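Contents: one structure, followed by commentary.
The values are calculated or read from the model by the stated rules, or taken from the named source; none is laboratory data. Fair warning: this is a prediction, and the values are worked out from it, not measured in the lab. Cβ placement follows ideal geometry from the backbone for every residue including glycine, while neighbour counts extend to all protein chains displayed.
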Amino acid sequence: MPEVTGIDLDEAVLDKARQHSDEVTWVRGDAMTHEFDRTFDVVASLHHMPDLEAALSRLADLTAPGGVLAVVGVARTSLPKDVLVHLAGAVQHRWMARKYEFWEHTAPTVWPPHDHVTVRRTAERVLPGAQWKQLLLWRYALIWHKPI
């Protein structure tokens with residue numbers, strides 16, 4: 001059975017998470033400074049990273065050789081073509097907000113978010129070979145396989 005560890009600074013977020021899974025080791029702390037004393041086969045992160053380069057470097061350090069780092073983040077429009085994707089995202093957001101209950105997280109928010117070009121260039125520098133995909137709702141996905 002895989003071992004799963006989740007970390008967050010916000011106790012309220014952890015309390016809500018604990019209600020959904022007791023098979024995860026939940027840690028209150030900062031992923032940037034917490035001493036895990038190990039690396040992980042899969043590292044996944046959401047978008048609350050004020051210093052993008054430092055965060056990607058730290059997450060890469062936590063990824064075991066041969067492991068995968070996955071980041072889902074928020075980025076603002078930086079190119080004219082992004083506007084079309086974000087318009088589709090705005091329509092999707094309105095539909096989802098009407099269909100599902102809205103939950104406001106209590107985690108700190110980085111605002112304004114980095115732009116797509118900055119995120120891509122930073123990822124290329126810190127995570128050579130990372131795959132980038134622009135998603136709806138102002139999001140992107142980065143997938144990086146750490147060399148063995």
Residue count for region 114-129, restricted to those that are within 11 Å of Lys146 (Cα to Cα) and in contact (Cβ under 8 Å) with a residue 40 or more places away in the chain: 1
Matching residues, region 1-57, being over 30 Å from Glu124 (Cα atoms), in a helix (DSSP H, G or I) and polar (S, T, N, Q): Gln19
Test: residue in region 126-140 that is assigned to a helix (DSSP H, G or I) and at pLDDT 85 or above: yes
Residue satisfying all of: in region 54-84; closer than 18 Å to Lys133 by Cα and not hydrophobic (A, V, I, L, M, F, W, C); modelled with the highest pLDDT among these: Gly73
Where a residue in region 20-33 is touching a residue at least 12 places away in the same chain (Cβ under 8 Å) and farther than 13 Å from Leu59 by Cβ and its partner, wherever it lies, is in a strand (DSSP E or B) and not aliphatic (A, V, I, L, M), with Cβ under 6 Å and at least six apart: Val24/Gly6; Thr25/Thr5; Trp26/Gly6
